[in-house]
Every structure is written in structure tokens, then in C-alpha cells.
1. Please label the shape of segment 600-682 as rounded, prolate or oblate, based on the square roots a ≥ b ≥ c of the eigenvalues of the alpha-carbon gyration tensor (a/c under 1.5 means rounded; beyond that, a/b larger than b/c means prolate, else oblate).
2. Hey, could you get me the Stokes-Einstein D for segment 783-942, Kirkwood radius over alpha-carbon pairs, 25 °C and 0.890 mPa s, rounded to whole µm² s⁻¹?
3. Any idea what the relative contact order of the chain is, in percent, if you count C-alpha pairs under 8 Å spaced at least 6 apart?
4. In segment 884-986, what GluC sites (Glu not before Pro) fall in a loop by DSSP, with at most 12 other Cβ atoms inside 10 Å?
5. Could you pull out which residues in segment 33-60 have an amide N less than 16 Å from a spot 7 Å beyond the Cα of residue 207, following the Cα-Cβ vector?
6. I need the phi-derived Karplus couplings for segment 504-513: 6.51 cos²θ - 1.76 cosθ + 1.60, θ = phi - 60°, integer Hz, Gly and Pro marked x.
7. Excluding residues fewer than 8 places away in the same chain, name every one of the lysines whose C-alpha is closer than 23 Å to that of residue 53.
8. Sort 246-252, 397-403 for me by packing, meaning the mean count of neighbouring Cβ atoms within 10 Å per residue, highest on top.
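Every number here is computed from the coordinates shown, using simple stated rules; none is lab data. Nothing here was measured: the structure is a model prediction, and the numbers come from that model. Heads up, the Cβs are rebuilt from the backbone with ideal geometry, glycines too, and the neighbour counts pull from every protein chain shown.
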Amino acid sequence: MKLLNWIALGALCCCGLEEVAAVSIERTLPDAVAGVEEEVLLLNGEWELQFSKDERWEKVTVPGELAMQGFGIEHDKPVLYRKKFRVPSDFSGKRMILRFDGVYSYARLWVNGKYVTEHSGGFTRWENDVTEYLTPGKKNEIRLEVTDKINDISYASGYAHHPIGGILRDVTLYTLPEAHLQNFFVETLLDEAYKDAVLHIHYVLPKTARVSFSLKDADGNAVSLPNAEVTVSAGENDHRFPVKRPLLWDAEHPHLYKLQVSVEADGESYSFEREIGFRKIEIKGDRMLVNGKQVKLRGACRHDIHPTLGRVSTAETDSLDALLFKRANMNFVRTSHYPPTERFLKYCDRTGIYVECETAVCFVDTHRQKNYAPARSQDDPLFTDNYLNQLEEMVNTARSHTSVLFWSIGNESVYGKNFQLSYDWLKQEDTTRPVIFSYPGIVKEDKKVYDILSMHYPGCDGTMTQYNASTVGFQGGGIPALFDEWAHVPCYTYTTLQDDPNIREFWGISLDKMWSKLFDAPGGLGGAIWGYVDETFMLPEPKRGTAYWIEFARTAKPADFQGNCVGYGEWGIVDVWRREKPEFWGTKKAYSPVKVLQTQVDDFIDGASVSLVVYNRFDHTNLNELTATVTYEEEMKQVMLPDLHPHEKGLLTVPAFAWKEGDSFLIEFFDAKGELIDAEQIQIGQIPVIECSRQIGKESAVQVKETDDFVVFRGSDFEIPFNKQTGLIENALSKGQVVIEKGPFLNLDLNVNHKTGPEVREKARSYTVADKDWQKDSFSYQQEGNHVRVILEGHYAGISVLINFLIEADGTVSMDYRTKNEPNGWLREAGLKLYLPDLYEEVSWNRKGYWSYYPKGSFAGNSGTAPLYNSVKVAYGANPDQPWNMDTHNYYYFADAGAVCKRPLTNQAKGMKENIYTYTLSQKDKDICLQIVSSRAGLGCRLNKTPAEELVLYMDNRWDYPEIAWGDYCKALDVVPVYGTVRIRL
């Protein structure tokens, strides 16, 4: 590899690119070294730490953040690691290389008391030949001084809201012969027909050696490489081998070959293996092509995060993340805002995930907290080496990985010379990949530092302007437009997330709308959800030092909810334990590469097949490569999928059944490995109106009894007392047990910033009707046949309310309400609410969801049952070992207490169920229930618990989440007028 001569950087534009030998040297780990039993030693595990000079040594885990292990490290104050270990005797006479895959953010290294080197940059691999410092066959000692620099250009500690300093990735010692390959990389060069290829191999050799190459396909069959065994001289070497008709790699067909490399010189030898894929990346106009076919990137932004170790990536999380990306129908990952481990890239190669590989430069002169510096490094020559050295280290590690689609030279930063130098070096060094940069609108018109337009947080129509750069309908005007941050998962709406986690389910509508529109936009390249995994760190109380970062880690949460769990918030579709959240299913559905364009069949013939319009949203896969099944009345049949090319629409024929009006059938699509891609529940004919009648036998008229304080209405097995002073129901009985304690109160919650845009980090400035303000104005009732009508009028601090009750003999109570003089704005909720006794144990529902199909146990499926409570209280920082739906405590949104009451609800019970037909609260195995009914799915219902342990039922006729922000979808409902009908059954 060649690197820019630092001295010549300033003269780059006018004098060209002067080259010198690479500053960064990287070697490939050996699979076998002749005469050595164990070539590679992983030095992870237990190390020792000296928190301050002359203090005792304490045990720590590597890799792992120090703060997450109880050490309150400070910025710019070094701490010292040490590790004692035995070097194998058979390393003698060979080179010994010590590798660090990531140390944040500045390190100095000693081996056996001798100073070796220093390094800046927390997320790139660096290694040193330490042969002269180590003694094989004996105990040796590494000492590593680590400093969390407050001026690090990655801003990674600022991003994490606490100092993340420490050894964050693997530490390895390995051995090689004197003759070994350095800065080895592979490129695949396809011809114009995308049929044949040239395998380009480049490396540096310190001395003359015999080098041989062999290539095998996935089945172990040898691929011909002419003249694949050669004697090569010291220095830089290139080989180009023609390969006939290789199987091409793309995200849908991740075909990999194994390249075996052997090196022999002076009686010594070693070998290693690399997995490679043959593919070609091109930009033609406003389209990106892979192997000649346009690709659309459906993805998410990924941070390294481990639930107990912090900003750390382990083999387990690396592999699991790749699998979860594929399971969520994503084909793209942005490695925000630093390079990933090479291990993660290997998993992306194997599973088929396109990668935007981003260097660790973030928020330069834009969004940094004031206590972090430097504010302006983009033009500072003192930081040039930091920009370029870690950029080269990233490229050295990642460039041979087929999955890396393009490079990113920085996130949301102001353009400057150091970004220009980064781009120019990249374009010279790697001619096979494009480059991206954000913010592109800040770049001067006469400068070029990007090949793809990066835009962040478009609205659902894809039209936006950001720092002088614009898109219209998700298109960039002649250049591929990538929204490599979009559809921000709601995480700053603290009040909503405490009270109603259904905002997570609602968010899926945004992604569905955005992806559907972008896919059809010719110049729309794709989008990456912000983000994939939650950004929360359950920091312990420090055993050394102090948690001083709590002061600068404060967010816009109310003061009572600040705590030891810090970070930006739960912005992931999975949590830090990789449990699927409601957003995960929304992602899988919205990003589905198989889109059934109708979920209802209006015209059908009993015993005949039916046709569905289907959209093949794959990039390289014919629809007939998949398998599909249809299930109707518990009978399953295979579906013959049509010959439908990528990006085309066509008809799919569903085999015949004895169809019945009002029924539905399930159609499921599976990939070649049998993994579910998507499923739809298809309605046959018209959706039936659900009549929620109650059979109680012979009805009798509702009886009325008055006392001094109450008017009591009785039926065969219920009793509803109205308090004469308040006009509200108190202690309503069903079968002799209290099922409603008091109500109904008006539930009116609105954003008074009417159509000016919601706030970002908290619920927008709002007005919520307070129960304490209720005043009765009048109360009357009259008998009408076997039912009773009650008229209640009153007000809440100027808002007038009229409620018309209809109490029927079967225990059905209809409440028709309307208001006057309410403020206008964006509506959050409008409806009624009831206070309930704490006797209910579970909630069940039937509803008309946004998606036609949800898997069993979903947070908000079209039908389901959820327990209100969970006796398992997950301790702070402990593995929940249960589905996310069953959590009752959250130590980010509720601070150290985890909840606002002693007996909180489960997530699933608390979240609103939209568009319900029935919503039923009940006791297990007992005939006591309270049911809300809506024959046309017009209500939304949710529960909450107050700090006083009161159980509250919300029954809304209209609802929205205007505080969702970030360009995400909301209904933008005007508050006025407020009216509706709520029907309950005792």
C-alpha cells in the first residue's frame, strides 16, 4: 500500500500525489507456521489495572470499558494496564507481532520494561513487531498506558455520554517467519459483461520468497489459477490471475471462495486463508450497481455495544448482529461512527450484508457538547496525522472484504482540508469503491469529497434541504442519494416512552412509507435506520474515582429520571441484549423484499385459485428462487412462485381452497435456507363487522335507586353508582366485584405548538387535562324502556364537557362525549379514561393492525393476550433473560428506581393497542372482566400505573404521536373538534 507523504500534503492539488512507503503495516494472521504448535495467542481475559500512579493493581476484563467495570476514569488522565504471559518456546527464531484491534483513544506501549510505540485512534487495528523485546519460553510483561483524550476526533466518549477509555477490542500475539506478506489485499475485477474476472493480489514482502496461491469454491473444488506459484522479490508485488465464470457475490447470493496463500523461504514456511467474493461496484449516473444490477440499500446504523462491557464488540455480538440484520430483511449496515471489527466484516461477507465502512471522525465543528474538544480540527494540521493514519489503518483491515461497498470519511462534520486529504488519498488508494461524506452541503462548490450524496432524516416524501444540499422525492439530482440516517427510532420522547411504548410500533409506518417511495425513486440508493441497537450503558457506581460524567451526560429527561444508566437512549430495533423490540417486526415488514400489494381478495370463486399482485423488491433474486406456502383452515399447500425478475411486479397464483366470505388465509415466503422473509394474512371478501354482543339470557330493565350521595343503576349482574357531587361513576360492580373505581375523566393531551414542528428530546410543549380540575355543572337521567340515559355536563378549567351515557340491561355502557373551548394544536390523545381496581391480571385484544400479519406473542399483534404484571424484576445491569415485552423496569427512562411505582405493568400491557374491536381486562380463570368494544375498530386503548399505584385505562377515539419527530410519520391531527363514543361492557 502507498500512503501520501505528509510533507507533500499541502501541495496536493497543484503538485499531484507524492508517495512513500506505508506508515501502517498490517499482516494477516497465520493458519499454520512450520515448527510452531500454536501460532496465535489471544491475550484477552484477565489483565491488571493501576488506576493511579503508585496505587495497587486491580483485576479488569479485556476487552471492556473501564467505566463499565467500576473505574471512574477521567479525560486526559492516563491509567496503566499490564499483562504477564508466557511466550511459547517455539516462537524462537521467528518474528513476534503484538496486535491491538482497538484501544480508546491514545496508548503508549512497553514490553518487558522497554518503550515500544504510541498510537492514537480508538477503533483501528495497530500492531508492532516486538521480537526484540520478548523472550520465548519465559514469562513476559506488556504494559499499556491508556488515555481517554478529550480532543479525540472520533468524539466517541461524548457520543456515549461517558468516558469509554480502555482496551475495547482483542489483543493478540502471533508469530511469522522472517519472510511474510505485509499489507496484503485482494481485489476482484470483472469484465464489462460481468462474466469473467481478474483476481488482483497485492502485498509487500521484506525478503525474496516462494509464494503460491490456490483458489477453491464453496464445495472445495479447485479453480484454475495459471502460474500460481512464483518466486518473488522483496518489495511491493502484484499478481493478476484470470478466473473464468466465477459465481458472483451479492447480498442475496453471498458466494465466497477460499484463497490459500503459502510462503516459503530459507526452509521456513507459513500459510493463511482468505475468503473472497467476486463482485464489481459501479456508479452510473444516479444509480449504484453491483455486478451490473442496480442495488437498493435497506439498512441500519450500527454501534458497537455490549450490555456489560460497554463500547465493545465480541465474537458473540458480531455474529449475532449479522444474523439479526438478515432476519430483519436488511441488506446494508453503516458502521457508525467508526470502523467495525474485522470479524464483523467476515460475518457480513458470509451472510450477505453490504457495508458502509466509516472512519472514526464525527461531529467536527457541529454537534459536540461544549466540554469536548476540539471544535474545529477539519483544517488543523496538528490533526492531519490522526485523520489519515486511522483512515489508512481502516482501509488496511477492511479492503479485502467483499461486503465493504464504499468508504465514509466522516459523520456530520464541517468540510475542511483534512477531509479533502482523506478523500484524495482514498480515491488514489482504492479505485474500486466510492466514497461518502456528511454533511455534503457544507463542501465548497469547487471541491469534491464524495461520490454519493449523504442526507440525514428526510420526511416521508424524501424532499429535504440540509446545509445547501437537497433531495426531491428521495433523489439527489444526478448522484445516488443515500439517507444513511433516516427513520430515527423514537428515543427522546421520554414521557411517551414511559407511559406508552406503542410509539415504537407506530414508528414502523414511517419506515414503510419511506422505503416504499424510495424503492420506486430511480436515484434513491437507500436508507439506514438510526439505529440498530440501543445506546444505553448501565454503568455501575465507581469503586475507584467518581461518576463525574453524570453532570455532562444529562439529557432533557426530567431531573427525577437522571441516573447511572446513561447514553443517547433506546434508539435500536433491538436492545443491548439483542432482544427484539416492537421496531424489529416493523423493520422486517417495511423492508420486505417481497411485497404483496393487496391484503384483500374482493372477487373469488369457491374452489378456484386466486391471484395476488406481488412486487419483487430484491436486487439480484428472481422470485422463483424462493419458496412459499399458503395456509387456510389449518390446511397448508405449496405455492408455485412466478418467474419474476428483480424490481418487477407480477401475479402470484394461490392454489384453490373452498373459500368462504369473511375468512382469511396466510401466505408465507421463505429464502433458500428456510428463513421467513415475510407473511401476509389475506382477507377473503369483505372484512366482517364484528358485533360484540353479550348473551345474558332474558333481559330486564335497568333499575334505578337514589341515596343521599349516589344514583345507582342496577342490572342482573352489575351495579353502576354515580356520585351526585361529581357526576362520575364510583365503584361500579360486576358480579359483586368492583370493576371500575372512578370515572370517566376526559383524556385530552395535545401539542400546543400547532403545526410548528414537535420538539426532539422531549414531548413537545403540551396541554393535558387534569383530573383535579373537573367540576360538575349538571347531572340528570331518564328511563327509556329497559335502558337508562344519563346526561352529565361539567368543565375542566374552561373546557366544557358533555357526556351522554346509555346504560343497557346487558351491562353495556355507551359514553358519547363532546367538548367546547379546548385549545387547538396537534392532537396526542382524545378520549376518556377510567380508574380501575388492581384486580385485573391480563389484557386481551382483537384489532385491525397496520400489518396484516404479526407473529405469535407480538407486542401489538392483531390479536393477543398479555399479563399485566411480571413477578420477575430484572436487576440493574442484569441479563433480563425474558422477552422485551415482559419487562416491567427500565433503568434509562425511569432512572435508578426502574419504574414510577412498586408494581409496574409489563411493556406489552402498557402499550396502546390501536384500532381495537375488543379490549378485555380480566382475572385469570375467573368470570370477572371489563371489555371495551368497537365494531369497526375505531378505538385505541392503553393502561398505565401512577406513582400512587392507581391503574388507569385510557380509551381514545383519536390518537397520534406528533412528538415522534426526525421526519417520521405522524397523522398531524387537529385537536378541534373533540368528540366521540366509547362503549364498555361490565
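1. The shape class here is prolate.
2. D, rounded to a whole number, is 133 µm²/s.
3. Dividing the mean separation by the residue count of the chain yields 9 percent.
4. 949
5. 34
6. Taking θ as phi minus 60°, the curve returns 5, 5, 4, 4, x, 4, 4, 5, 4, 5 Hz for segment 504-513.
7. Excluding near neighbours in sequence, the set is 77, 83, 84, 114, 149, 543.
8. Ranking the peptides 246-252, 397-403 by packing returns 397-403, 246-252.
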